Amino acid sequence: MTANSFHSIASHKRVRYLALVFALFIAFTVFQDFLESHINGYSFFLSESLLFKTFWLLFLPILLFQHYLMEDLLSWQNKILTGLISILTPTILHLALFPLCIWLLSKSFFDHTYYYSRTFGYTIAEDFYKYIAIYSLGAFVNYYLQNLRSQSKQPSNELPKKLTFNTGKKYVTISVDEIIYIKTSAPYILVHIDGGQYLHNETLKSFGKKLANKQFIRVHKSTIINLQKVISYKSRSNGDYDISLIDGTIVRLSRNYSAEFKAYFSINTA
């Protein structure tokens, strides 16, 4: 079963649990209406009590809408604007739908009609803080869960300890720390170690992902180096640099990669 399948199953379970919680909560509020009418001495009408519980029922689909809305907003850089949109959009939607539902249901099934404008004014006056509180909580929970998923998807910073190469006659395993640099040799790459090299059938980008760590860094569109194998580097006076490696090789550091190289080089030599 794939990670997406597990995520889908978990999402469906959360929806079912949320639906159960809302059902129990609505049953509790109906009972509360009954007690209130009994204590205050006026008639209790189950149908009208259930009608206005539409207010709570609408939270379930709109919270689900908020969840998908926040997934679309995840890439936005302005977190304040993202937060406002993720709270105000479902609030406005709920404010618009609740009076509409009351009007349609009362017009269809009751002998009197609750008009849209009256219910709209009532819900703003009585329930506005509930909208803000619940959708703020929903936004916080969604933001927290999205951060957890993002962290779980991030690749580990740990390097593999060994890599295996097919030389054509046999398989050779080397320690990752032995690698000095990797260079493209289309359509292959050449993995250089002290005293030898291995031709490998993989792209530089793909191979670089295996070495995604501060120890290995791209210095040119065609070259990745092991920072622990760097002796020194000097400017070419045109924005590029020459890097001297431990085996005597000189590789070019492109100006496009120089800032990242300098930052990581200082860490590795500290």
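Can you go through Ile182, Ile134 and tell me which one is under 35 Å from the mean Cα position of the chain (by Cα), surrounded by 16 or more Cβ atoms within 10 Å (Cβ to Cβ) and either acidic (Asp, Glu) or part of a strand (DSSP E or B) (or both)? Break it down into steps so the answer makes sense when it comes.
Details: Ile134 fails: either acidic (Asp, Glu) or part of a strand (DSSP E or B) (or both).
Checking each option against the conditions leaves just Ile182.
Using the structure shown, decide if Ser47 is in contact with a Phe, Trp or Tyr (Cβ under 6 Å, 6 or more places away or on another chain), among the polar types (S, T, N, Q) and either over 16 Å from Phe140 (Cβ atoms) or not assigned by TED's automatic domain parsing to the domain that holds Phe98 (or both). Let's see the steps before the verdict.
Details: in contact with a Phe, Trp or Tyr (Cβ under 6 Å, 6 or more places away or on another chain): no; among the polar types (S, T, N, Q): yes; either over 16 Å from Phe140 (Cβ atoms) or not assigned by TED's automatic domain parsing to the domain that holds Phe98 (or both): yes.
No: the conditions fail for Ser47.
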Inset, instruction - Identify, by number, the condition in (1) at pLDDT 95 or above; (2) surrounded by 15 or more Cβ atoms within 10 Å (Cβ to Cβ); (3) not charged (D, E, K, R) that Tyr122 doesn't meet. - result: (1)
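If I go through region 246-257 residue by residue, how many of them are within 39 Å of the chain's Cα centre (by Cα) and not basic (Lys, Arg)?
Within region 246-257, the first condition is being within 39 Å of the chain's Cα centre (by Cα), and the residues that meet it are 251-257.
Pick out the ones that are also not basic (Lys, Arg) and you get 251, 253-254, 256-257.
Adding up the residues that qualify gives 5.
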Legend entry - Positions within region 237-254 being touching a helix residue (DSSP H, G or I) at 6+ places or on another chain (Cβ under 7 Å) and either under 13 Å from Lys183 (Cβ atoms) or among the hydroxyl-bearing types (Ser, Thr, Tyr) (or both), in sequence order: Tyr241, Leu245
Inset, instruction - Answer with yes or no whether Lys209 is loosely packed, with under 13 Cβ neighbours inside 10 Å and in contact with a Pro (Cβ under 9 Å, 6 or more places away or on another chain). - result: yes
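The values are calculated or read from the model by the stated rules, or taken from the named source; none is laboratory data. Predicted, not measured: the structure shown is a model, and the values here were computed from it. For neighbour counting, all protein chains shown are included, and Cβ atoms are generated from backbone atoms with ideal geometry for every residue, glycine included.
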